[in-house]
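Asks: First, the structure itself, so that you have it in front of you.
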C-alpha cells in the first residue's frame, strides 16, 4: 500500500504565514541564543518555524532536516 501524497508532492506551494504569499528561494537554518529557526534564505528575519534549544531535544537536527527535505522536494530531488 502506498502512502498518500504529501502537499509538496502535489505541487502545493509553501506559504508565508500571515500574508499567504508563496515562499520563493531556498530555506536555511539560523541560530540565536534560544533556538534554531528555519528561514527563507534571502530574508532571515522571516522564519517559518523555530525549534527551541533543549538538552533533551535535537533542535539543530530537526531544523536542518526540515530545510533540507523541503529544499530537495521543491527542487524535485530525493533528500
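Rule-based calculations on the coordinates, nothing more; no lab input. The shown structure was predicted, so the numbers you read here are calculated from the model rather than taken from an experiment. All Cβ positions, glycine included, derive from the backbone under ideal geometry; neighbour counts span all protein chains shown.
Asks: Modelling each spin label as a point 7 Å along the Cα-to-Cβ direction, I'd like the residue 33/residue 56 distance in nm, to one decimal.
Replies: About 2.3 nm separates the two model spin labels.
Asks: Shifting gears a bit: Going by average Cβ neighbours within 10 Å, how do the peptides 66-73, 41-48, 19-26 rank, with the highest at the top? Spell out each step's value before the answer.
Replies: Working: 66-73: 16.1, 41-48: 13.5, 19-26: 11.5.
Ranked from most to least packed, the peptides come out as 66-73, 41-48, 19-26.
Asks: What is the fewest-to-most order of 51, 57 by other Cβ atoms lying within 10 Å of their Cβ?
Replies: On the way: 51 19, 57 11.
Exposure proxy ranking, most exposed first: 57, 51.
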